[in-house]
Amino acid sequence: MGAENMNRNETMSKKVRNLLLAMLVQVPAVVLADPTGQALAFTCAGCHGTDGSSVGPSSPSIAAMDPEVFIDAMQAYKRDERNSTIMNRIAKGYRDEQIKGMAWYFAKQKMAPAPQAFDPKLAEAGAKLHEKYCEKCHEKGGRPGDAGTLAGQWMPYLNFTMEDFMSGHRDYPRKMKRKVDAAVEAGGDEALRALLHYYASKQ
Amino acid sequence: MNKINRRDFIRLAVGTTLAGGTLGFPGLLLAASPKVVVVGGGVGGCTAAKYLRKLDPRIEVTLIETKNAYTSCFMSNEVLSGDRTLASITFDYEGLKRHGVKIVIDRVSAIDPVNRQVATEGGERFGYDACVVSPGVDFKWEAIEGYDVEVAEEIPHAWFAGPQTSLLRRQIESMPEGGTVAIVAPPDPFKCPPGPYERASQIAMYCKHHKPRAKILILDPKEAFSKQGLFRQGWTQLYGFGTDNSMIEWIGGAGGGKVESLDPSTRTLQAEVEAFKADVINIIPPQKAGKVAFTSDLVDGDWCPVNKMTFESSRHPNVYVLGDASNAAKMPKSAYAANTQAKVAAAAIIARFNGQDPGDPTFTNTCYSILGEEHGISVAAVYALDKGTNTIEPVKESGGLSPMDASPAQRKREVTYAHSWFQNLISDMMG
């Protein structure tokens, strides 16, 4: 099977999966009164920006997030499995189908990348590291996709996230740890900063 | 509005309804561009205006506000510490204009719910299909003897951000080295429940560097206050709270903290048990709904009752009261609360224009307080409406306070999230 076919298959299976997820949302909640996904998503704007594009300086943009990534994140917060300051308390206020409704609302929004300062030299070094160690999962330079959004995300937030992964305060996927370790070995102490500046440069 | 006074205006208007007006909305279904007039350019009013246009650009939205720029009360305590300038919390209405909202700078005298008109002191009248009223709070000036609008020019309340905030800041800066600042906290309910205590923290943050022997005394009629445990813990860590050398002292109701009168000439506060003299006095008076809520017959007691499904006034149809002025129990009077209430009202107004039932409402509150340069705390809640009791209840097992004994790194993160909350809230309401 050629690479092109494989891509097409992946796209197809993703479409099927998205369709299934969308159908789950549309099954009406039996008797429970229920606000729409849009109404629920509107309440997030005070911290994550109108329609999920945060104006910073540190709360992350959640617009255009892959619905599965959104749901995983909310469920992890709900179960206190991911370090947070406030999101664990908020996530506990929503039922599973409400979280799905919000996920779909944000998936449909366009993310406005964060306008933030970055060091072009570091960003250049980061671009190379990204291509080699991160692009396979965080595709298209870390644009919203199957893995968390990195491109145009607020730098302080990505910094907190990496601190949490590395200090054991967030579930660190083995594959990711291997790649981050390799990037740090190749790029030295500046490797992570370089990556963050690269993502900040994607505006 | 020249020949009849405001009360007559309302009386005449209400009289007309009783005389035989029928209320119905079928006409609205046909209107090409229904009109909404928004009274008040704070969080509730701005958010409603923006979201009405966002959800249905056919709606003509006119927002009437007395000032040509908005100065936010949230983050205004940070001006007192010198951490922020007043300019950094002041915003014009250009963003709303870009969303197609018409901005009128004038003062609303009263709303006529029968003829569906808003009258201004400038002599204009604006017809509406729905009216959103978000006037914020007003003070009960009579509550503390010796304190009134004029005295407030010398002894600030600083509870509406602006010149009052600058005045308090200047007084703190020029007070003697070992001076005392007295903050008179209000009884419940009032806007921004953690505000007086964050204020004490921000003043302490300034004094710690510039007047280390200063004292900040909070005189409080209440027995307890918002985020109390977290404030006390933060003050203990940062300002020696609980020791003889504490920079901050809190005197609650049981300790005689209720202030009865002020002698401005000697800067002396008479509380229930003893008198307190201070170099700088900040009085935050007891509160009630903003003036226009009273002139427009929207109150029951101090606040405006609403149907919490839509935030439509329980007293007059087609009028929606948002934010601090409404009785939105059990939500606090906060910026974030007003922001989410406005979206519920906007959606309900549009549903009505389309002849549909309103959707089920959902509300959130998030509120940050900054106690020191690297010390932030928060409270959060997700709410749902109990339709049976018309009460907005927190969803069980959710929300609550930042954990006690959180690490310094977590407290530091909450400061930067507080700044994000501020910027995103401003941008969401008027950007």
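The values are calculated or read from the model by the stated rules, or taken from the named source; none is laboratory data. Predicted, not measured: the structure shown is a model, and the values here were computed from it. Cβ: placed from backbone, ideal geometry, glycine included. Neighbour counts: every protein chain shown.
Scanning segment B:266-288 for residues that are in contact with a Ser or Thr (Cβ under 8 Å, 6 or more places away or on another chain) and within 25 Å of B:Ile392 (Cβ to Cβ) turns up nothing.
Which ones in segment B:105-156 are among the charged types (D, E, K, R) and either assigned to a loop (DSSP other than H, G, I, E, B) or at pLDDT below 95 (or both)? Of everything in segment B:105-156, those that are among the charged types (D, E, K, R) and either assigned to a loop (DSSP other than H, G, I, E, B) or at pLDDT below 95 (or both) turn out to be B:Asp106, B:Arg107, B:Arg116, B:Glu121, B:Glu124, B:Asp129, B:Lys140, B:Asp148, B:Glu150, B:Glu154. Is it the case that some residue within segment B:151-168 is touching a strand residue (DSSP E or B) at 6+ places or on another chain (Cβ under 7 Å), of a type in the set (S, T, N, Q) and more than 30 Å from B:Lys330 (Cα to Cα)? No: zero hits.
Yes/no matrix, rows are residues, columns are (1) surrounded by fewer than 20 Cβ atoms within 10 Å (Cβ to Cβ); (2) more than 8 Å from chain A (Cβ to nearest Cβ):
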residue	(1), (2)
B:Thr389	yes, yes
B:Ser407	yes, yes
B:Glu414	no, no
B:Met429	no, yes
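The lone criterion from (1) basic (Lys, Arg); (2) surrounded by 18 or more Cβ atoms within 10 Å (Cβ to Cβ); (3) on the phi < 0 side of the Ramachandran plot left unmet by B:Lys227 is number (3).
For B:Asp357, are the conditions met, namely being without any contact (Cβ under 8 Å) to a residue 40 or more places away in the chain, acidic (Asp, Glu), more than 30 Å from B:Tyr417 (Cβ to Cβ) and outside any helix (DSSP H, G or I)? For B:Asp357, the condition - without any contact (Cβ under 8 Å) to a residue 40 or more places away in the chain, acidic (Asp, Glu), more than 30 Å from B:Tyr417 (Cβ to Cβ) and outside any helix (DSSP H, G or I) - is met.
Of the candidates A:Lys175, A:Lys100, the single residue that is out of contact with any strand residue (DSSP E or B) (no Cβ under 7 Å at 6 or more places or on another chain), assigned by TED's automatic domain parsing to the domain that holds A:Tyr77 and at pLDDT 95 or above is A:Lys100. Restricting attention to segment B:391-405, the residues that are in a loop (DSSP other than H, G, I, E, B), more than 9 Å from chain A (Cβ to nearest Cβ) and in contact (Cβ under 8 Å) with a residue 40 or more places away in the chain add up to 2.
Scanning segment B:234-279 for residues that are under 30 Å from B:Lys412 (Cβ atoms), of a type in the set (A, V, I, L, M, F, W, C) and in a strand (DSSP E or B) yields a total of 2. Please work out which residue is nearest to the chain's Cα centre (by Cα), limiting yourself to segment B:317-330 and to residues that are buried (at least 24 other Cβ atoms within 10 Å of the Cβ) and not aromatic (Phe, Trp, Tyr). If we take residues in segment B:317-330 being buried (at least 24 other Cβ atoms within 10 Å of the Cβ) and not aromatic (Phe, Trp, Tyr), then B:Asp324 is nearest to the chain's Cα centre (by Cα).
For segment B:300-312, the criterion of being more than 9 Å from chain A (Cβ to nearest Cβ), part of a strand (DSSP E or B), β-branched (Val, Ile, Thr) and out of contact with any Gly (no Cβ under 9 Å at 6 or more places or on another chain) is satisfied by at least one residue. Residue under question is A:Gln75, and the condition is that it be within 21 Å of A:Asp34 (Cα to Cα) and within 16 Å of the chain's Cα centre (by Cα); does it hold? For A:Gln75, the condition - within 21 Å of A:Asp34 (Cα to Cα) and within 16 Å of the chain's Cα centre (by Cα) - is met. Being part of a helix (DSSP H, G or I), among the small types (Gly, Ala, Ser), surrounded by 24 or more Cβ atoms within 10 Å (Cβ to Cβ) and within 12 Å of another protein chain (Cβ to nearest Cβ) is a property that B:Ala342 has. Looking across segment A:152-174, the residues that are more than 14 Å from A:Val69 (Cβ to Cβ) and part of a loop (DSSP other than H, G, I, E, B) come down to A:Gly152, A:Trp154, A:Ser167, A:Gly168, A:His169, A:Tyr172. So how many residues does segment A:50-109 have that are part of a loop (DSSP other than H, G, I, E, B), basic (Lys, Arg) and within 13 Å of chain B (Cβ to nearest Cβ)? Of the residues in that region, 3 qualify.
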